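**Student:** Have a look at the structure that comes next, please.
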Amino acid sequence: MGRITAVLGPTNTGKTHYAIERMLGYRSGIIGLPLRLLAREVYDKLVGLRGPSVVALVTGEERIVPERTQYWVCTVEAMPEAMGTDFLAIDEIQLCADPERGHVFTDRLLRARGTHETLFLGAETMRGAIAELVPEAFFIRRERFSTLLYTGSRKISRMKPRSAIVGFSVDNVYAIAELLRRQKGGAAVVMGALSPRTRNAQVEMYQNGDVDYLVATDAIGMGLNLDIDHVAFSATRKFDGRRMRDLQPNELAQIAGRAGRYQNDGTFGVTGEAPPLEDDVAEAICDHRFAPIKLLQWRNARLNFGTPDALIASLEQRSDHQRLQRAREADDLSALKTLSALPDVAQACRDAPAVRLLWDVCRIPDFRGISASEHAGLLETIYGFLHEFGRVPDDWMARQVKRIDRTDGDIDALSKRLAYIRTWTYVAQRKGWVDDERHWREATRAVEDRLSDALHEALTQRFVDRRTSVLLRRLKQKEAMVAEVNDKGEVTVEGQYVGRIEGFRFRQDKAGSPDEAKTLRQASAAALAPQFHLRADRFYNAPDSELDFTEQGGLMWGSDAVGRLTKGDDPLKPRALAFVDDEAGPEVQQKVERRLQHFIDRKIAAQFEPLLAMQRDEALEGLAKGFAYRLIETMGVITRGEVANEVKDLDQAARGQLRKHGVRFGQFTVFLPALLKPAPTRLRLVLWSLHQGFDEFPESPPPGLVTIPAVQDVPAGTYTMAGYRLAGERAIRIDMLERLADLLRAKDSRAGFEASQDMLSITGMTLEQFSKLMEGLGYKSERGERVKVAGPKDTPPASADPKEQPPVEPTPVPDPAPDETPPSSPPERPMDVPPEGPAQPPSEVPPAPGGPGTVPTAEESPQDADVAAVTDEALSTAQPDEAEPVMAEPEGSSDAPENADVAAVTDEAASPAAQTDETEVFYTFTWGGRGERRGNRPRGTDERGQQARPKGKPGGNKGKKGPKGDKPQKTEARPPRREKPIDPSNPFAEALMGLKGKN
């Protein structure tokens, strides 16, 4: 029997490292470790030192045994017995007192020996028990390499880097890891239930600095060597498989001792809902002083395989030694009792080999953890296969493995599959249980690896924000970080997407917590400063075509908002305010604002060029100059009612000067037609709204519409600035309104008139819509019906119902003649008009005298409520170029034949089909204003009651015949009927021909 040594001491004393060195000094050796994870760690270390050909790994689910194996690394439960190696070591020997696994460690303490040397590694609390049970043992005490200090309670949000937070349930571990991801960028997760592959991947992520925090179960207390500076307990109670209990001081010390590896001092404390440790407990942990272990868990190792009952009895046998306490019923014993009670199993267990086989099957761990009965049912099936066939059938095994071989799902689903595959990995590792052991060991191992990788990826995706962790690491290293911005404005720092640049503002990625946002902002600010300067240079040199303004006063560079307009001292001189992040610096801010100011100044100069030219014209003086400034203040559009007196005071010379700049004096509005185009209108609305101080700006109407629906509750003056005049339920464009006024001037507004085709064409309305518009302009409309008279073939008949009548499409109509042209002024050069209007130039010639009717003049026509009606006396003193009321021709003055009634009778006799009862709807319009009249004489007559000569250009009535006597004249809105050819076969042909010749 070789030398037996107990190497005892606290954590971080190098006990495991000492055992490895001693083992490598012999030709063969075996070391038992408490965890599969730790066994894998030691195995990898030995492979690195001696190569894979001489090192074996044996655990419950993994078996790597080369042919020339010299050194064995095993879990304590999986250690082969009677190996006869030169060296044997058992780590964490204090687990002899563990209620669940303690009997296995006690058995190794009592029976496992190396031929030359045996080492028991563990805590000082085991000295008395080892001395009593193994009296031949020598003791070596090792001191901790570093100091361990208690720091009390600390919030997770204030946890320093390189900290491990310990939880005692899966839910607790996941909750802490999720919190760390939001606040600190993420954490690695280490649990005993993880496969070595998953655990190694998580640990590597922590060790290489991808994350600065580790969340683990008490598995880290079992010899896992990690670079941990601080250990925080999130709880001091745990479920030990049977009940919730408080952790003993020595158990707390085993976990806390992971802090401060080698010569680096460590600290420990509590966090979350865990209460602070008692002073004596904390002091004991720091000084490594604990009560010695008095009782060890023990189970009889000399088993009787005669019958199942005999085997159960031998397992439940008590020890005579006072130090050895019979272990509580373990899962394998519970399964044995359950299976042995089954008639089929009891019938099969007739001899010792069958009972031994049953015991081997019952020792399959319950990796799945579903329920005892579910686990017993699985063991019964496996035992039935092994007893009947001597093996587990390949097809059944394949179905079980295939069902688990899936990498989809969340962390819980992957963890369950990983636990399930461990059962079949364990079965495949048992010698003689499957036909092709190598195949099934490789197959189950491959499935476990795939699930392990998927679980690692799922854990990382859920609990690690790689972006934040990478940026934090670079910030901690104080290295310059490289930012890149692609053509979509997406920003990456050190290859991690952090947000996007919109103009000169950084829009940080919204995913993440406030702490994460702070980290992203901190990392991005340093990296984006050069990008802002490059972007400002490119913006400053960009052409105006890349910039634009919005209808709410925003300033855009492409699709990015880079600023907004603010109110200036002058409506035509707004100020530009740039949207620039503070991180960009004042230099970028000033450069962007200069470029924006240049843009808006040039835009106003281009769109309002006629207005600004009039402002710069030094030739304007007196009343003309004053009126020009009124137009400039209203940005080229003003209702005539607001300036009625000023217009009246302007002489012809002043008006001529203003006309040279494109000013048009309309009946309802004074405006510059060039400023009614869509672009100036859009800009005018923005500048006007800005100067008025509106929070929300009215939008400009869509281009090309003659009328638009009226919107309620809009600010006063909105329609005028938009180039429209409100008229009832709709608003009409002011230039088209002036054309309509020119047509209305030729009608008799007192006697009444009907809408002509030109009127409907200008407005683009149906007859009923037109009647509403006329009412909005101050006219009265009277609806009537009459027998429909057939018109010319090229004139569409009026609908019986105006609602069914389709809107009349507006047709290009020449600009109506303004009513301001003096009789002696020569025709003016055509002026620009908005593109949506007719392209023909205005003639500014009033209607010819002796026209078919009269219409109220600019002073009498319906205007804003504040415009007073102008009397006939005022009209008589008006300027020569003012539009005067035009008298209607007396009825009967038309060129129709005097004997039209005879012709009508003849037509009816000649064409019986023309007789019909079909009716049509028509509207009669009369002026509904309150204009005063002089005396009682009708409008349009002089003091003698005779027809007044209309004012206008000389010779304007050439070729027109005067009124014919007192015969009343018929006036109609439709064009005159074309004459029908005379049918020679008609019996009235001669009479008709005679009448025609007489006419």
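Read-outs: derived from the displayed coordinates by stated rules, not from any lab. In this text the structure is predicted, and so the values were computed from the model without any measurement. When we count neighbours, we look across all protein chains shown, and the Cβ atoms used for this are built from the backbone with ideal geometry, even at glycine.
**Student:** List the residues, sorted by chain then number, that are 5 or more residues from Ala89 or on another chain and whose placed amide H is less than 5 Å from its amide H.
**Tutor:** Excluding prolines and chain starts, which carry no amide H, the hits are Ile30, Ile31, Gly32, Leu119.
**Student:** Which entries in Lys337/Lys431; Lys625/Lys660; Lys160/Lys238; Lys625/Lys677 show an alpha-carbon gap greater than 21 Å?
**Tutor:** Lys337/Lys431; Lys160/Lys238; Lys625/Lys677
**Student:** On to the next question. By how many nm would the segment from Glu502 to Phe694 grow when fully extended, if each residue of separation counts as 0.36 nm and the alpha-carbon distance is taken off?
**Tutor:** Answer, rounded to one decimal: 66.5 nm.
**Student:** Take every Cα pair under 8 Å in region 1-143 that's 6+ residues apart, average their separations, divide by the length, and report that relative contact order as a whole percent.
**Tutor:** 38 percent
**Student:** OK, next. Which ³J(HN,Hα) values, rounded to whole Hz and listed in residue order, are derived for region 744-752 from phi using the Karplus coefficients 6.51, -1.76 and 1.60 in 6.51 cos²θ - 1.76 cosθ + 1.60 with θ = phi - 60°, glycine and proline given as x?
**Tutor:** Each residue of region 744-752 in turn: 5, 4, 8, 10, 8, 7, 8, 6, x Hz.
**Student:** Percent relative contact order of region 184-341, based on C-alpha pairs within less than 8 angstrom and at least six residues apart?
**Tutor:** The value is 15 percent.
**Student:** What distance in nm lies between label points placed 7 Å from Cα along the C-beta direction at Asp412 and Thr566?
**Tutor:** With each label point 7 Å from Cα toward Cβ, the separation is 5.5 nm.
**Student:** Leu296's amide H: which non-local residues (gap 5+, or another chain) put their own amide H closer than 5 Å, with H modeled 1.01 Å from N in plane and none for Pro or chain starts?
**Tutor:** Long-range HN contacts for Leu296: Leu324, Gln325.
**Student:** Let me ask you something else. Give the whole-number value, in cubic angstrom per residue, of the convex hull volume spanned by the C-alpha atoms of region 502-607.
**Tutor:** It comes to 114 Å³ per residue, whole-number rounded.
**Student:** Toward the positive end of the charge dipole of region 1-143, about the Cα centre and with charges on Cβ (Lys, Arg +1; Asp, Glu -1), which of Ile20, Leu57, Leu35 goes farthest?
**Tutor:** About the Cα centre, the residue reaching furthest to the positive side is Ile20.
**Student:** How much of the DSSP bridge set in region 148-293 is antiparallel, in percent, rounded to the nearest 5?
**Tutor:** So the antiparallel bridges amount to about 15 percent of the total.
**Student:** Something else: Per residue of region 668-681, what does 6.51 cos²θ - 1.76 cosθ + 1.60 with θ = phi - 60° give for ³J(HN,Hα)? Whole Hz please, x for Gly and Pro, Karplus curve as stated.
**Tutor:** The phi angles translate into 10, 9, 9, 7, 9, x, 5, 8, 8, 5, x, 5, x, 4 Hz.
**Student:** A further question follows. Restricting to bridges with both residues inside region 1-143, how much of the DSSP beta-bridge set is antiparallel, in percent to the nearest 5?
**Tutor:** Expressed as a percentage, antiparallel bridges in region 1-143 total about 5.
**Student:** Something else: Under a 5 Å amide H to amide H cut-off, with H placed in plane at 1.01 Å, what residues pair with Val270 once short-range neighbours are removed?
**Tutor:** Long-range HN contacts for Val270: Gly152, Ser153, Arg154, Phe233.
**Student:** Enumerate the calculated ³J(HN,Hα) couplings along region 49-60 in order (Karplus 6.51 cos²θ - 1.76 cosθ + 1.60, θ = phi - 60°), each rounded to whole Hz, writing x wherever the residue is Gly or Pro.
**Tutor:** Those phi angles translate into 8, 10, x, x, 6, 10, 10, 10, 10, 10, 10, x Hz.
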